[in-house]
Amino acid sequence: MNITLNGQTCWAKPGETVLNVARREGVNIPTLCHMSNFSPTGSCRICTVEVENGNSLVPSCAYPVYENMVVRTNSPRVRRARKTIIELLVANHPQDCLFCVRSGNCELQKLTQEYGVRTHRYQGERRRARIDIASPAIERDPEKCILCGRCVRICHESQQVGAIDFVHRGFKSSVAPALERSLNTVPCIDCGQCVVNCPVGALTEKSHQKQVWEAINNTDMLVVAQVAPAIRVALGEEFGTDDGAVVTGKTVSALRRIGFDRVFDTNFSADLTIIEEATELMHRLEKGGPTPMLTSCSPGWVKYLEHYYPDLLNNLSSCKSPHEMQGALLKTYYAKKIGVDPSQIYVVSVMPCTAKKYEAQRPELGGEYPDVDAVITTRELARMIRAAGIDFHKLPNQGFDDPLGESTGAGAIFGAAGGVMEAAIRTAHYYLTGGTDMKSLTFSPMRGLEGVKQAEVTIGEQTLRVAAVSGLTNVKALLDDIRAGISPFHFIEVMACPGGCVNGGGQPQPATPEKLLKRTESIYQIDRESPRRNSHRNESVQQLYTEFLGEPGSHCAHELLHTHYVERDEF
Amino acid sequence: MSNREKLLEIDRHNKRNIMQTQDNTQRIFRTYPSGDASCLIDMLQEVQEHFGYLPDLEMQKVARHVDIPVSRVYGVATFYNQFRFQPLGKFVIKVCRGTACHVKGSFSILTTLESELGIKAGQTTKDLLFTIETVACIGACSIAPVIAVNDEFHGGLTTKSLQKLLKSWQRQCTESEVSDECV
Ligand code: SF4
Ligand code: SF4
Ligand code: SF4
Ligand code: FES
């Protein structure tokens, strides 16, 4: 069908929204409550447009097109209406931009600029609320909240946690954790999906920048950074590169210029995780269970299982997540190798994830010293780069330090949902066939952005049924099957965040489907271009086993690289 | 009934409630099918009827029963004015905020009460003696500004006379505690 959009005739699919058509046609309409892939709520009204005929203002994100519709998206009346909405939001807002972590990347601030809000047109009582900083991963400043509801929807509909919701109504309404408690006392899994979807500075990660700068400035400390697979395809966005640009070399040199003494690659221990996890899987298959084995590299997912399905904790792989393995090795293997006391090593993980902040302070992850001392998100690293006065675009490309800097394409794809499974299958093939690599390493059933991917692979005499799930809403049915004893699977990968780490809670804001797609493509490009694409071919990992750990799954490996879990209350 | 008798009556009522609590909630949960969120409001109403308010623990039980997150149960409950989240005090003070009372200064009556008792409208003092509530109009405009205390009206109030009233209630409470101990 045809509609007239700002005087131009354009084609539209029956049933699609005005906003959709406008975006396709390159017409910008501001949105706040709208989320692609979710049904519209039409609550903020900033996307208002004028429809001739009814002569009315309608929310374009929720309004379907009809034949010969005449729409104006930028008439004086529309702009006036939008400006009023912005002015009302501003009137009930702290207007703290000078001190706000979101300044410069805030959707409300951007709107005030685009609509020329230059005066306080409305003045009145402002909502007051206390900030909530008790969670180890996420901080809330409810006064900055504009009640768009994006965090609530992602937490309920995509994560099926529902730790937060709207409370009260009218002037008093706000978004709060259950019973208006602090976020750390409700079963929030710290995934940060709420943070990465918040348009303003109401939700942020708990910053570790201060500790990290202190460690860097302390000359007695050997400060070591490790970089997760999903950072290198997202950090550039903070500095205006194309979505998903691969900036591995610049990331490494930026970390060195900031003052890190060593820069290692978490992809190294991703390879290591595959060796340990594949060994554990072989072992479970021989012993007859418990299967399906569930991956354990996503700490938000682990916390979810501990809260909501504690009876299935035995199905969870005992492997620590890769950055925790790396931390444990840095303070043992590496410390010994270079003759530095582990008390003088400070490990900083650069992660796309807020749950890793919570994970790092789990008491069981570490011996005398915590495996990982601080976790900074992609966003925090970008802030540190700016604070250090570094021009990101002029940085040279540099490589990681050895030996915990070598990695294969299999480690790289940990960053995308399905990647752990694909990497594991490559190595399982090697083990099950007694030493041959897969002919074609690309395992396409595990690629793509679907929430649940499943496949059957026959390797030698074994037939493995595997699945990869991301976004916790998708995992419930599979877990209920395991509970009922009817799960057909041997091995299931679970990532808390929809799309995996590339879309993690610590990534550049805001999260969009386009960014997710581009970053995912880049992850697979890194794999494709790697000289080695099998975890068991990582020579530094092999060396680690011969020099230090012994066999995969050995006693020493168990001491350092594996962990246990705890049952937590559902509420 | 004198005020004192009323107080004793409330005490007895509360004790009865506490004793029956266990049975009552079990009955509520039996009445409603589990996993059916459409019963949420009905269940909350029944829970409130038995406790006089919605205790946190009961909201958690309701959430589990109808299989939705606690945050949503709490969100729904706080949306409606009919639900309370603290037990009622012995003295439930309803401050009329209707137009006539407003003109006659009911706002300062409310703020005086709030500052004297150290709580906000909708809350109950820690010692469970006083609850402040606001109502739109209680239909006694001729004696504005007016408050209703356990459904007994006090009109033509000034901040002075209000303070006097508060003192007398506080006195009654200490007396009734003494008499309780004697029983
Ligand atoms: S949330 Fe946005 S508008 Fe509000 S203070 Fe922060 S930067 Fe400014
Ligand atoms: S961190 Fe995740 S679980 Fe916690 S409130 Fe945010 S979206 Fe929900
Ligand atoms: S906290 Fe952020 S995402 Fe959540 S409702 Fe408020 S503004 Fe929206
Ligand atoms: S974006 Fe359309 S109503 Fe909020």
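What the table below lists for this structure:
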| quantity | calculated |
| --- | --- |
| Residue match in segment A:171-179 (condition: more than 14 Å from chain B (Cβ to nearest Cβ), touching a Ser or Thr at 6+ places or on another chain (Cβ under 7 Å) and open to solvent by less than 20 Å² (accessible area, probe 1.4 Å)) | no |
| Filter result (surrounded by fewer than 15 Cβ atoms within 10 Å (Cβ to Cβ) and either farther than 28 Å from residue A:451 by Cα or basic (Lys, Arg) (or both)) within segment A:1-16 | A:1, A:2, A:4, A:7, A:8, A:9, A:11, A:13 |
| Sole residue being at pLDDT 95 or above, surrounded by 15 or more Cβ atoms within 10 Å (Cβ to Cβ) and within 14 Å of chain B (Cβ to nearest Cβ), chosen from A:150, A:79, A:102, A:140 | A:140 |
| Total residues in segment B:72-102, condition within 14 Å of chain A (Cβ to nearest Cβ) and not in a helix (DSSP H, G or I) | 7 |
| Residues of segment B:54-71 satisfying the condition of being more than 19 Å from residue B:26 (Cβ to Cβ) and more than 7 Å from chain A (Cβ to nearest Cβ) | B:68 |
| Segment A:17-64, subset under 27 Å from the mean Cα position of the chain (by Cα) and of a type in the set (Gly, Ala, Ser), residue surrounded by the fewest Cβ atoms within 10 Å (Cβ to Cβ) | A:39 |
| Members of segment A:194-217 found to be in contact (Cβ under 8 Å) with a residue 60 or more places away in the chain and open to solvent by 60 Å² or more (accessible area, probe 1.4 Å), listed by number | A:211, A:213 |
| Matching residues, segment A:437-490, being open to solvent by 30 Å² or more (accessible area, probe 1.4 Å), among the β-branched types (Val, Ile, Thr) and over 26 Å from the mean Cα position of the chain (by Cα) | A:458, A:463, A:486 |
| Residue A:64 within 16 Å of ligand 4 (Cβ to nearest atom) and under 23 Å from residue A:4 (Cβ atoms) | yes |
| Residue A:383 vs. criteria open to solvent by 20 Å² or more (accessible area, probe 1.4 Å), part of a helix (DSSP H, G or I) and more than 19 Å from residue A:548 (Cβ to Cβ) | yes |
| Residue list for segment B:51-75, restricted to those being open to solvent by 40 Å² or more (accessible area, probe 1.4 Å) and within 28 Å of residue B:92 (Cα to Cα) | B:51, B:53, B:56, B:57, B:61 |
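Each row is one residue, and each column tells you yes or no for (1) assigned by TED's automatic domain parsing to the domain that holds residue A:471; (2) open to solvent by less than 10 Å² (accessible area, probe 1.4 Å); (3) among the acidic types (Asp, Glu).
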{"position": "A:267", "(1), (2), (3)": "yes, yes, no"}
{"position": "A:277", "(1), (2), (3)": "yes, yes, yes"}
{"position": "A:286", "(1), (2), (3)": "yes, no, yes"}
{"position": "A:291", "(1), (2), (3)": "yes, no, no"}
{"position": "A:298", "(1), (2), (3)": "yes, no, no"}
{"position": "A:314", "(1), (2), (3)": "yes, no, no"}
{"position": "A:318", "(1), (2), (3)": "yes, no, no"}
{"position": "A:327", "(1), (2), (3)": "yes, yes, no"}
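The values are calculated or read from the model by the stated rules, or taken from the named source; none is laboratory data. Nothing here was measured: the structure is a model prediction, and the numbers come from that model. Every residue, glycine among them, receives a Cβ derived from its backbone with ideal geometry; neighbour counts consider all protein chains shown. These area figures cover heavy atoms from the full protein model, side chains too; ligands, DNA and RNA do not enter into them. Shrake-Rupley method; radii C 1.70, N 1.55, O 1.52, S 1.80 Å.
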